[in-house]
Amino acid sequence: MSMVLNHLHKVAAQSDKNKMGLEQLAACMGPVILCPSAGTADPGALEFRKHTEVLKYLLEIWSEKGKISM
């Protein structure tokens, strides 16, 4: 997961060129990365807005060295 966050952080750092800021990356990748397996019985686990918000938050606090900066 840290490698994925490092990569997405680097992509977001180039958002002036690629138009993929934190919100766009979180919207595209959040449901894919954070979605539970198909056998999950909890219907609330499929609320993609939560996945997007969580990934955006992680990217906001993630530093380039792979550590959470608070």
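The values are calculated or read from the model by the stated rules, or taken from the named source; none is laboratory data. For clarity, every value in this text was computed on a predicted model and none was experimentally measured. Methodologically, a virtual Cβ is constructed for each residue, glycine included, from the backbone with ideal geometry; neighbour enumeration extends over all protein chains shown.
Given the structure, is residue 30 small (Gly, Ala, Ser), at pLDDT below 90 and assigned to a helix (DSSP H, G or I)? Give the derivation first.
On the way: small (Gly, Ala, Ser): yes; at pLDDT below 90: no; assigned to a helix (DSSP H, G or I): yes.
No; evaluated as a whole, the condition is false for this residue.
Please count how many residues of region 1-19 are buried (at least 16 other Cβ atoms within 10 Å of the Cβ) and out of contact with any strand residue (DSSP E or B) (no Cβ under 9 Å at 6 or more places or on another chain).
2
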